[in-house]
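Have a look at the structure below before the remarks.
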Amino acid sequence: MTARRLIVEADGGSRGNPGVAGFGALVRDAASGQVLAERAEPLGKASNNVAEYTGLVVGLTEAEMIDDRAAVEVRMDSKLVVEQMSGRWKIKHDDMKRLAAQAREIARRIEKAGGVVVYRWIPRERNKAADKLSNDGMDGTSVTRRPWQRPDPSDPSDPSEPSESPESPEAAEPGEPMSEPGSSAVAGSARADEPGDPTEPAEPAEPARGRVRTGPATTPPGEPVRVVLVRHGVTEANRDGRLAGRGGADLDLDGEGQRQAHRLAAALHAFLGDRHLGDGPDPVRVVSSSLTRAHRTGQLVAARFGVSCAAQPDWDEQDYGDLEGRTIADLAASDPDGLQRLRRDASARCPGGESHADLEERVVAAYEREVAAGGTVVVATHRMAILAVLGHVLGADLEHVWRLAIAPASMTSVRVWPDGAVSVEFVNDTSHLRD
């Protein structure tokens, strides 16, 4: 059965920043453009960002009430909120962190029920309905309209609520396709008065897209943390032997890669057991790189466990710069000495890209965050990222870890005890791919 598609439009504002603030949010049926719910409230004195995040939380709450299994696309003209909720920018302020955590929790419930939540930036002129509602809130007006609850949706009467409805002929766009589940479509640039730095690096200290449980470490005293590193399923570039990093084309899995990812998910379930299912006593966390091939793999794994997958750019593949798309055979023929330096010298930088040391710095930081979070985590990532973790935990240099095979859709497992002891349980397990 096809999931119902809902669009959440949300906004917030502050006259003074901080100053008199309010938010607005509405939910539309994506197919018809019909407004199903509208909300606006004053917030007293608050910042613009707090008002925007509050609109997001309320909009998601209304969507969950309508259908908690829906495919929900959130549209906002705040690039800051969209980028932060998509995991590409950090959230620095405590009040925004608190509201973002509430939004992630609602998204987690929707996804656990079988739905999905994605985020999309739209220009301000296409967010007029939510903007009007947020101005109602700043004017001190409270609005709660839920036409979807009426026995006869064609009957506009509701004596307990205002009858005026915001105009938004261009905002509904019922014929426009929603972003693909698991992606976050962001187009254009941020508004001129948007606070925050749109160039700040994508370093998600916060879980992304509502897809990871938050809270203290779940590992009991004395119990080890388990980090299962999985490489994404095969892509066209893998088949051709071409280098494909974070700076090149964002490749998706091909048909065989998707089949591999399904087998990988089943193998992980068999390995970790039912206790790590979403409704089990110790649910697994699933994270991935932000590149499509790895995130798609992570989504399939997460679906098997009934949890969700967070995209974290620190787990991305190495940026190969000018070498993107080149084959190893071509490099070996044209510049064998340069290829050997890249294999042996961690500080050797790909022209226009990253060195292995650059890659290792961000990947090891991401790995340490997962270890600190405790419990069991599956990370869907890339060959060089997995080699960076293995080099770190084994104390091995690049030349030696390069010799390790890390095949597409393979599993590698590391356990870390509270005293810092580390055990590599296995590397490059591909038994689940054998017919």
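The values are calculated or read from the model by the stated rules, or taken from the named source; none is laboratory data. Remember, predicted model here, so these are calculated numbers, not experimental data. All Cβ positions, glycine included, derive from the backbone under ideal geometry; neighbour counts span all protein chains shown. Accessible surface is based on the protein model in full, side chains and every heavy atom, while ligands, DNA and RNA are left aside. Shrake-Rupley method; radii C 1.70, N 1.55, O 1.52, S 1.80 Å.
Table for the structure above
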item	result
Cα-based reach from LYS45 at 21 Å (exclusive), listing lysines while leaving out same-chain residues under 8 positions away	LYS92, LYS97, LYS132
Solvent exposure, largest accessible area first (probe 1.4 Å, DNA, RNA and ligands not counted), of ARG242, ARG344, ARG146	ARG344, ARG242, ARG146
Additional length obtainable on full extension of the chain from ASN428 to SER32, 0.36 nm per residue less Cα span	137.7 nm
For region 256-262, 3J(HN,Hα) per residue [Karplus equation, 6.51 cos²θ - 1.76 cosθ + 1.60, θ = phi - 60°, Hz, x = Gly/Pro]	5, x, 5, 5, 4, 5, 5
Stretch gain in nm, segment ASP435-GLU399, where the contour uses 0.36 nm per residue and the Cα spacing is subtracted	9.7 nm
Ranking by accessible area, most exposed first, for VAL58, VAL27, VAL422 with a 1.4 Å probe	VAL422, VAL58, VAL27
Under 17 Å from the Cα of LYS128 - lysines, other chains or at least 8 residues apart	LYS79
Environment charge of ARG5, counting only residues whose C-beta is closer than 10 Å and scoring Lys/Arg +1, Asp/Glu -1	-1
Whole-number percent relative contact order across region 333-427, with pairs defined as alpha carbons under 8 Å at least 6 apart	20 percent
Label-point separation in nm, ASP95 to ARG341, each point 7 Å along Cα→Cβ	5.2 nm
Within the accessible area of region 4-89 (1.4 Å probe), percent carbon and sulfur	50 percent
In Hz, Karplus ³J(HN,Hα) per residue of region 401-410 (6.51, -1.76, 1.60; θ = phi - 60°; x = Gly, Pro)	5, 4, 6, 7, 7, 10, 7, x, 6, 8
Per residue, in Å², the accessible surface of region 341-420 once ligands and nucleic acids are set aside, probe 1.4 Å	39 Å²
Mean accessible surface per residue for region 92-148, computed with a 1.4 Å probe while every protein chain stays in place, in Å²	43 Å²
